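Contents: one structure, followed by commentary.
The values are calculated or read from the model by the stated rules, or taken from the named source; none is laboratory data. Worth saying up front: this structure is predicted, and the values here are computed from it rather than measured. Note: ideal-geometry Cβ built from the backbone for every residue, glycine included; neighbour counts use all protein chains shown.
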Amino acid sequence: MNRRFLGYLMAVVVIAVGIGIFASAIVSAIYGDSDLVDLIISGAICLAVGIPAFFISREGRRAHLGFREGFLGVVCSWVVATIFGAIPYVITGLFGPLDALFESISGFTTTGASVLTDYDQPHGIMFWRSLSQWYGGMGIVALFIALLPAVGGGAIRLFAAEAPGPSPERMTPRLRDTAKNLWLIYVGLSVAQVLILLAVGLGPFDAITHTFTTMATGGFSPEAASVGAFDSWSVELVIVIFMVLAGGNFALYFALLSGKRWAILRDPEFRLYLGILAVSTVAIGGSLLIAKSHLGFTGAFREAMFQTVSIQTTTGFATADFDSWNSFAKTLLLLLMFVGGCAGSTAGGVKVVRLLLVGKSANRVLRREIHPRAVIPVRLGRRAVPEHLLTAVLGFCFLWLMTFVVGTLLLSISNVSIVTAASAVAATLNVVGPGLDAVGPMANYAFIDPFGKIVLMFLMLLGRLELFAVLLPLTRTFWSR
């Protein structure tokens, strides 16, 4: 076990968190808010710990990483980011220690499940709340790989443990270049969204904070009513477009920029992703009209489109209280939480490609009932999918379902309703944020008892790192390799 490398990685993460907190302090200074000194102290604590640790452990930065270092490095990075990211919440007095950790891990994992009840807070701390989600969107370990020297031959282990989807996809031969290109696309889309939101009438603070949480598919908004506070069709449309982009595979955008014009349209996962969004929008909008819960065609489909995109991309923004909608609409939204975005996106959920492969595998089983001796490969586009990957996908989906069931049972101990328990677990495991009933879009998680919050925090980490990076270190086999 290369402990020095793990210390080096942790030190870099703490320094990155400190820099983000100081950036939030600058925002506080611009607005002349009362949290300036508290943010400076918080950032100073991070740097006071991170910088000495960096110099002590820097000799381990070029070490070759093994299986254990890869998974432990990623898990420890997120835990350390959560702990140090919670410091501003505690020092400013916004939350107690447990709620501060809850809000922090919800930010970094881009879940968006909040315990904040009073949104009349200084700009600096609200900026940090949004910035933590932007950090977590593309991944703090991916940022580490992009900016710092290559980590021996084991960088792929770090990247694979954090990258969402069945398998990490390299866009370039060098992993560092892949991570750098991902972050450049991420930053480029973020800049574009900020500029467009400014053009449609949002102020700089709202434009930047909502861009942070849109591109990260996180959903933290400095407004109590979320995006609905603006009551602007143009703002909603811009955010919808960028939520769709954030939920797509960033490798496809790199291919498009590299001159492969038809890469996106030829990708079966992206086509299914758009198809699910379109069909679900029509279905929910139609159900709202049939239930006569909305006045007019435009209003029903405007709200249906925004909430469908927000939930499936696991962003969690709200423009309406969808908990008051008809049962069909609420059930479909709950199912969309599990669908999520594409592999290689900032979205959570099971991912569209896994569901596509499960569907193709089921189709193959049916065809083999008719032709038992036939050799029927499962194809994704023009490529045959290896059997070991299909087995891994089926195993992952089973574990995801079992995690949901166990999580619901554990949260039920907190004496919440079954709808609240199931939707809260679905919303945190799939890193969506708002659920139904007592954790609906116009409510929050502040009322849940400490045990329930700890369960949900663990589910957020499981969902963001897609189970294996968190669960494997808990097995005996992991340590006996």
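Assorted remarks:
- For region 2-16, the tally of residues that are within 24 Å of residue 479 (Cα to Cα) and either β-branched (Val, Ile, Thr) or in contact with a strand residue (DSSP E or B) (Cβ under 6 Å, 6 or more places away or on another chain) (or both) stands at 0.
- Residue in region 101-113 that is over 20 Å from residue 27 (Cβ atoms) and without any contact (Cβ under 8 Å) to a residue 60 or more places away in the chain present: no
- Selection status of residue 336, under 25 Å from residue 421 (Cα atoms) and outside any loop (DSSP other than H, G, I, E, B): yes
- The residues of region 1-10 that are among the aliphatic types (A, V, I, L, M) and outside any helix (DSSP H, G or I) amount to a single one, 1.
- Residues of region 361-410 that turn out to be touching a residue at least 24 places away in the same chain (Cβ under 8 Å) and over 17 Å from residue 338 (Cβ atoms), as a count: 8
For every residue, the table says whether it meets (1) under 27 Å from the mean Cα position of the chain (by Cα); (2) surrounded by 14 or more Cβ atoms within 10 Å (Cβ to Cβ); (3) assigned to a helix (DSSP H, G or I); (4) modelled with pLDDT under 90.
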{"site": "344", "(1), (2), (3), (4)": "yes, yes, no, yes"}
{"site": "356", "(1), (2), (3), (4)": "yes, yes, yes, no"}
{"site": "374", "(1), (2), (3), (4)": "no, no, no, yes"}
{"site": "397", "(1), (2), (3), (4)": "yes, yes, yes, no"}
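- The lone exception for residue 273 - which of (1) under 21 Å from the mean Cα position of the chain (by Cα); (2) free of Cβ contacts under 8 Å to residues at least 60 places away in the same chain; (3) surrounded by 20 or more Cβ atoms within 10 Å (Cβ to Cβ) it fails: (2)
- Whichever residue in region 283-323 is of a type in the set (A, V, I, L, M, F, W, C) and over 29 Å from the mean Cα position of the chain (by Cα) and, among such residues, is modelled with the lowest pLDDT: 295
- Of the helices (runs of 4 or more DSSP H) lying entirely inside region 233-291, those carrying at least 1 residues that are among the hydrophobic types (A, V, I, L, M, F, W, C) and touching a Ser or Thr at 6+ places or on another chain (Cβ under 9 Å) are 233-246, 250-257, 268-290.
- Region 430-453, subset in a helix (DSSP H, G or I) and touching a residue at least 60 places away in the same chain (Cβ under 8 Å), residue surrounded by the most Cβ atoms within 10 Å (Cβ to Cβ): 439
- Candidates 306, 328, 297: the one that is without any contact (Cβ under 8 Å) to a residue 40 or more places away in the chain and aromatic (Phe, Trp, Tyr) is 297.
- Within region 209-229, considering residues that are hydrophobic (A, V, I, L, M, F, W, C) and buried (at least 21 other Cβ atoms within 10 Å of the Cβ), the one farthest from residue 104 (Cα to Cα): 227
- Evaluated against (1) within 30 Å of residue 289 (Cα to Cα); (2) of a type in the set (Val, Ile, Thr); (3) assigned to a helix (DSSP H, G or I), residue 365 falls short on exactly one condition, (1).
- Filtered residues of region 399-416 (kept if touching a helix residue (DSSP H, G or I) at 6+ places or on another chain (Cβ under 6 Å) and outside any helix (DSSP H, G or I)): 414
- The set of residues in region 199-208 being loosely packed, with under 15 Cβ neighbours inside 10 Å and either on the phi < 0 side of the Ramachandran plot or assigned to a helix (DSSP H, G or I) (or both) consists of 199, 203, 204.
- The residues of region 413-433 that are under 18 Å from the mean Cα position of the chain (by Cα), within 22 Å of residue 97 (Cα to Cα) and not aliphatic (A, V, I, L, M), listed by number, are 428, 433.
Residue-by-condition table, conditions (1) modelled with pLDDT under 95; (2) among the hydrophobic types (A, V, I, L, M, F, W, C); (3) closer than 25 Å to residue 307 by Cβ:
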| residue | (1), (2), (3) |
| --- | --- |
| 210 | no, no, yes |
| 225 | yes, yes, yes |
| 237 | no, yes, yes |
| 255 | yes, yes, no |
| 267 | yes, no, no |
